[in-house]
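Notes follow the structure.
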Amino acid sequence: MNRFNLSIVFSVLILIIAAGCSDNNSNPADSEETQEFSKILADYADNVVVATYADLKTKAGELKSQTKLLQSSPTQANLNAAAELWKITREPWEASEAFLFGPVAFLSLDPSLDTWPLDQAQLNEVLNSSFELTPEFIKDGLGFSLRGFHTVEYFLFRDGQPRDVSSITTRELEYLAAASEVLSDDASLLYDEWIDGYRDEYVSAGVSGSRYSSEVQAAEEIVEGIIGIADEVGNGKISEPYDTKNVLAVESWFSWNSLTDFKNNIKSIENAYLGGYHNGTDGSGLDEYVKEKNAELDTRVKQEISAAIAAIEAIPTPFRNNLHADTQIQTAIQACNTLRISFQNDVKPLITN
């Protein structure tokens, strides 16, 4: 081999080695850019998602115990306590609706816990049947519209108040206790799935083994969840019954808890953005990233969250009886849409671009 050819060989080898070193140094998992969201993702997983689901699991377990007590001892005091626990348990669930991804979607736990409307006609058919109303039958033998929060709500409430205990049948008490157990099992499964694997996968975004190819993609999941629930509250939960004047389209109307549900949905946006659970620990949130990039936008978003909550609170209660409160309802719809547009048009591009 002459000197010229040998020189070419060495040059090629040097280029190959340099390219290999360049690839190693530009690994997205190791770059400063992809580590920008590490603390935010960890605090979001721990202080928002897991903290909310832990609260849901605990309260759903208490609701299950209380409905079993009601079944064995059907007093008005026990029914009233169960009705109050339904509302208490409802809070963390509604505060989780800004993050309906991961196990809650993969395992169909959202429809299992919260399908609306309730199929009252079929529910009455089940009550009048000879089926044994066990948790197993409800979980494996009935559809989503015959379990979850709204089935339990139906048995506990009439016209916004706890039912008269004398009006509830033995068969209804059996169904109520079994449905509450299924609800509790779903809440426990949701929590367990996050702490036993999905949490680590989420915070390891960009690392081999995670379904998230980058931390940016995982952070985008937060924003998409916020956009989704802002849209659902404004253009679904409030707008649909308002436009149709159909009381049956109002979610949680047996308990008259609708406006509280909607407010907690917006709190789920606030929690997701700030990086903490409103009943727990605050952490590093997307707000810190947004504030660093665009402080004016961060201030505006926080003001819009507060405005949406205030607008929902201004709607006369119960919502189902005030579907003609045009000014207040239209203001709330607009506030939710303003919030949605800010995250869609301003916050999301700040993260993904």
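The values are calculated or read from the model by the stated rules, or taken from the named source; none is laboratory data. What you see is a predicted model; the values in this text were computed from it and never measured. Quick reminder, even Gly has a Cβ in these numbers, built from the backbone with ideal geometry, and neighbours come from all protein chains shown. In case anyone asks, the SASA skips ligands and DNA or RNA and just uses the protein heavy atoms, side chains included. Shrake-Rupley method; radii C 1.70, N 1.55, O 1.52, S 1.80 Å.
Which one is surrounded by the fewest Cβ atoms within 10 Å (Cβ to Cβ), of the residues in the stretch 108-118 that are among the hydroxyl-bearing types (Ser, Thr, Tyr) and either free of Cβ contacts under 8 Å to residues at least 40 places away in the same chain or in a loop (DSSP other than H, G, I, E, B) (or both)?
Ser108
Which residue pairs have Cβ atoms closer than 7 Å, lie 6 or more positions apart in sequence or on different chains, and pair a first residue in the stretch 255-278 that is within 17 Å of Ile315 (Cα to Cα) with a second residue that is among the small types (Gly, Ala, Ser) and not in a loop (DSSP other than H, G, I, E, B)?
The qualifying pairs are Ile266/Ala308.
For the stretch 238-291, enumerate the residues that are surrounded by fewer than 21 Cβ atoms within 10 Å (Cβ to Cβ), more than 21 Å from the chain's Cα centre (by Cα) and either of a type in the set (Gly, Ala, Ser) or not in a helix (DSSP H, G or I) (or both).
Lys245, Asn246 - these are the residues of the stretch 238-291 that are surrounded by fewer than 21 Cβ atoms within 10 Å (Cβ to Cβ), more than 21 Å from the chain's Cα centre (by Cα) and either of a type in the set (Gly, Ala, Ser) or not in a helix (DSSP H, G or I) (or both).
Quick test for you: out of Ala230, Ala218, pick the one residue that is in contact with a Leu (Cβ under 6 Å, 6 or more places away or on another chain), closer than 18 Å to Asp298 by Cβ and not acidic (Asp, Glu).
Values: Ala218 fails: closer than 18 Å to Asp298 by Cβ.
On inspection, the qualifying residue turns out to be Ala230.
Give the stretch 189-213 a look and list any residue that's surrounded by 17 or more Cβ atoms within 10 Å (Cβ to Cβ) and of a type outside the set (A, V, I, L, M), or say none.
Tyr191, Glu193, Trp194, Tyr198, Arg199, Glu201, Tyr202, Ser204, Gly206, Ser210, Tyr212
Based on what the data block shows, is Ala335 within 30 Å of Pro162 (Cα to Cα) and more than 17 Å from the chain's Cα centre (by Cα)? Spell out how you get there, then give the answer.
Numbers: within 30 Å of Pro162 (Cα to Cα): no; more than 17 Å from the chain's Cα centre (by Cα): yes.
Taking the combined requirement at face value, the residue does not satisfy it.
The conditions are (1) open to solvent by less than 60 Å² (accessible area, probe 1.4 Å); (2) outside any helix (DSSP H, G or I); (3) small (Gly, Ala, Ser), and Ser130 fails exactly one of them. Which is it?
(1)
Can you tell me which residue among Ala105, Ala98, Ala121 is in contact (Cβ under 8 Å) with a residue 60 or more places away in the chain and hydrophobic (A, V, I, L, M, F, W, C)?
None of the other options fit; the residue is Ala98.
Filtering the stretch 170-188 down to residues that are of a type in the set (S, T, N, Q) and touching a residue at least 12 places away in the same chain (Cβ under 8 Å), which residue is surrounded by the fewest Cβ atoms within 10 Å (Cβ to Cβ)? First the steps, then the outcome.
Of all residues in the stretch 170-188, those of a type in the set (S, T, N, Q) come to 170, 180, 184, 188.
Right, trim to touching a residue at least 12 places away in the same chain (Cβ under 8 Å) and you get 180, 184, 188.
On the way: Ser180: 33, Ser184: 23, Ser188: 17.
Applying the filter and picking the extreme gives Ser188.
Across the stretch 77-92, which residue is nearest to Ser65 (Cα to Cα) among those that are under 16 Å from the mean Cα position of the chain (by Cα) and open to solvent by less than 10 Å² (accessible area, probe 1.4 Å)?
Among residues in the stretch 77-92 that are under 16 Å from the mean Cα position of the chain (by Cα) and open to solvent by less than 10 Å² (accessible area, probe 1.4 Å), the one nearest to Ser65 (Cα to Cα) is Thr89.
Might you let me know whether the stretch 144-151 holds any residue that is surrounded by fewer than 18 Cβ atoms within 10 Å (Cβ to Cβ), under 25 Å from Gly228 (Cα atoms), out of contact with any helix residue (DSSP H, G or I) (no Cβ under 6 Å at 6 or more places or on another chain) and at pLDDT 95 or above?
yes
I'd like the full set of residues that are within 25 Å of Asn246 (Cβ to Cβ), of a type in the set (Gly, Ala, Ser) and part of a helix (DSSP H, G or I), limited to the stretch 133-165.
Ser145, Gly148
Determine whether the stretch 214-232 contains at least one residue that is hydroxyl-bearing (Ser, Thr, Tyr), more than 21 Å from Phe157 (Cβ to Cβ), out of contact with any helix residue (DSSP H, G or I) (no Cβ under 8 Å at 6 or more places or on another chain) and touching a residue at least 60 places away in the same chain (Cβ under 8 Å).
The answer is yes; a qualifying residue exists.
Mind checking whether some residue in the stretch 149-167 is among the small types (Gly, Ala, Ser), free of Cβ contacts under 8 Å to residues at least 12 places away in the same chain and over 28 Å from Thr260 (Cβ atoms)?
Checked the stretch 149-167: no residue is among the small types (Gly, Ala, Ser), free of Cβ contacts under 8 Å to residues at least 12 places away in the same chain and over 28 Å from Thr260 (Cβ atoms).
For the stretch 67-83, name all the residues that are assigned to a helix (DSSP H, G or I) and without any contact (Cβ under 8 Å) to a residue 24 or more places away in the chain. Explain how you work it out, then say what you get.
The first filter runs over the stretch 67-83 and keeps only residues assigned to a helix (DSSP H, G or I), leaving 67-72, 76-83.
Scanning the stretch 67-83 gives Leu69, Ser72, Ala77, Ala81.
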